[in-house]
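Structure record follows, encoded as structure tokens.
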Amino acid sequence: MLYDNLSVNDAGHLCIAGIDACELAAEFGTPLYVLDEDRVRKNCRAYVEAMHSYLPEGSRPLYAGKALCFKGIYPVIEEEGMGADVVSGGEVATALVAGFPADLLFFHGSNKTDAEIAYGVEKGVGCFVVDNLNELGVLSREAQAHDITQRILLRVTVGLDPHTLAAINTGKVDSQFGVPIETGQALEFARQALATPGVEVMGFHSHIGSQIFEPDSFCDQVDRLLAFACSVRDELGFVAQTFNLGGGFGVPYVEEDPTVDIAANIAAIAAHLSDGCARTNYPMPRVLLEPGRSIVANAGVTLYTAGGTKTIEGYRSYVMVDGGMTDNPRYALYKSAYTVLNASHAADDADFACTIAGRCCESGDRIAEDITLARPERGDIIAVLTTGAYNFAMSSNYNRVLRPALVMLRDGKARLAVHRQTIDDLLALEV
Ligand code: LLP
């Protein structure tokens, strides 16, 4: 089993955190997003404890809500001592409605609208991660109108190319996120921000990409960010209190993927930063990280009901499921590998070679290709593992397929956290 919260019971059914997946499917219907809350908490603790041990006071992980944003996640994040990274008015509102403290929100976005900036300032968002000069003027105006000094971080790009998918590789010079160091524009960005009324620059933000397995990439990022901070100190006399290194720790989706040791990665980053600071005589900044995937991905499983199989003689066999790219577009978008099991026969040999096809009118609607699982009958429950991140968050109503429900598991019990979408919900906005 890919994760230690998965097991098989006497009935041969897959269990998630000790709960029978077939019983969950029977109670809540399919497709169903299942989130093991204890696993989320364990992942949070790995960050909180390591950052506490290896980094200066005030360092903390901020949960990147883009990975999975719904009201029920925020109390968990808060109880575990994390802040949150939010990227839109919608994410800010979700966190606030859930009771999350505004001052622990870090508001991201490469093109925040005037309305979003005004809303964030009014609600008391703790820190804006300013992406570019376009938004700085609006933020300054709003902060002054509310008679506050808004804390900000400046988002810069360090010009790094970690080996990950192009679509989620954001640290390169040619990127729509942040301002590049290499071209000299980031220094100018800092110069202007430091002279802007109504804002206080706390430091710098950089995010190099997602699903990264090697700590070396983060150490390179630290080197480049520190070199930039030193040039800002030398040129402008400003010393950053905060380095926000973004998210990006990878998680295994299939057995062949490596596992990232969160604590070891953080220890390596901390040691590297502290050496660099000693070498350059730079005061050690507090560090923020923005993990999304590594908090929720391996806590999530999606359950489907198999509609049966279809074999195209001489080609391949398909397993048809009652969801697909509408609840998980990641294979269609990135060809992301997934581990798929027949949850109704989890102890049987996985010897049926097949492709898992969704129900949309589109041949790209697949969840996994050329995998093996125990041959399903119509009605069997199919489990796709590691779907906690960027599945619910990226779901759609393509073909007017309804969005699944989401249940959270804790202490051996399941509770509904997001209702299954209904036809009435689907039509609610239409006049
Ligand atoms: N911080 C910033 C500024 C980000 O842009 C991201 C992710 C994160 C933090 C969180 O990164 P994580 O720890 O989750 O790797 N939809 C893609 C992933 C896009 C990631 C976008 N930014 C996927 O499904 O793989």
### Task
Sticking with the crude label model, points 7 Å out along Cα→Cβ, report the distance from Asn397 to Asp424 in nm, one decimal please.
1.5 nm
### Query
Fully extended, how many nm does the chain gain between Lys71 and Leu333 (0.36 nm per residue separation, minus their Cα-Cα distance)?
91.7 nm
### Message
Please compute the contact order of region 26-101 in relative form: average sequence separation of alpha-carbon pairs under 8 Å and at least six residues apart, divided by the residue count, as a percent.
### Response
29 percent
### Message
For a 25 Å ceiling on Cα separation, which of these pairs sit above it: Lys42/Lys66; Lys71/Lys335; Lys42/Lys71; Lys66/Lys112; Lys172/Lys335; Lys335/Lys413?
### Response
Lys71/Lys335; Lys335/Lys413
### Query
Along its principal axes, what span do the Cα atoms of region 87-161 show, with the longest given first and each in whole Å?
37, 27, 18
### Query
Over its Cα atoms, what ratio of radius of gyration to 2.2 N^0.38 Å does the chain give?
1.03
### Task
For region 90-217, state the semi-axes of the equivalent ellipsoid (square roots of 5 times the eigenvalues of the alpha-carbon gyration tensor), sorted largest first and rounded to whole angstrom.
26, 19, 11
### Task
Take the chain, connect every pair of alpha-carbon atoms lying under 10 Å apart with a spring to form a Gaussian network, then pick out the residue of Phe204, Phe28, Phe107 with the largest mean-square fluctuation.
Phe28
### MRE, 222 nm, helices only [DSSP H, n ≥ 4, -39500 (n - 2.57), over the chain, to nearest 500]
-9000 deg cm²/dmol
### Query
In degrees, nearest 10, range 0 to 90: what is the angle between the Cα axis of helix 133-145 and the longest Cα principal axis of the chain?
70 degrees
### Query
Taking the Cα centre of region 108-291 as the origin, how large is its charge dipole in debye, to the nearest 20, when only Lys and Arg (+1) and Asp and Glu (-1) carry charge on their Cβ atoms?
620 debye
### Task
Report the residue, chosen from Tyr63, Tyr318, Tyr47, that carries the largest GNM mean-square fluctuation when the chain is represented by alpha-carbon nodes joined by springs under 10 Å.
Tyr318
### Message
If the elastic network links every pair of Cα atoms under 10 Å, which of Glu122, Glu290, Glu142 fluctuates the most in the Gaussian network model of the chain?
### Response
Glu122
### Degrees, to the nearest 10: 37-54 long Cα axis against longest axis of the chain
30 degrees
### Query
Taking other Cβ within 10 Å of each residue's Cβ, how do Leu24, Leu226 sort, fewest first?
Leu226, Leu24
### Task
Let me have the relative contact order for region 108-291, percent, based on Cα pairs under 8 Å that are six or more residues apart.
19 percent
#### Entry: Exposed trypsin sites (Lys or Arg not before Pro) absent: longest stretch of the chain, with sites in DSSP loops and at most 13 other Cβ within 10 Å deemed exposed
1-334
### Query
What's the exposure ranking of His13, His207, His52, going from fewest to most Cβ atoms within 10 Å?
His52, His13, His207
### Message
Report the per residue volume, in Å³, of the convex hull enclosing the C-alpha atoms of region 108-291.
### Response
117 Å³
### Query
For the chain, what relative contact order do you get, as a whole percent, if you take Cα pairs closer than 8 Å and at least 6 residues apart?
19 percent
### Message
How many angstrom lie between the Cα centre of region 402-431 and the Cα centre of region 30-48?
### Response
18 Å
### Summary
One finds the C-alpha centres of region 381-401 and region 259-297 to be spaced, in Å, by 31 Å
### Query
In region 352-424, with Lys and Arg counted as +1 and Asp and Glu as -1 at Cβ, which of these residues, Ala368, Ile356, Ile382, has the Cα nearest the positive end of the dipole, that is, farthest along it?
Ile382
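Laboratory data are not the source of any read-out in this text; all were calculated from the coordinates shown. Remember, predicted model here, so these are calculated numbers, not experimental data. Note: ideal-geometry Cβ built from the backbone for every residue, glycine included; neighbour counts use all protein chains shown.
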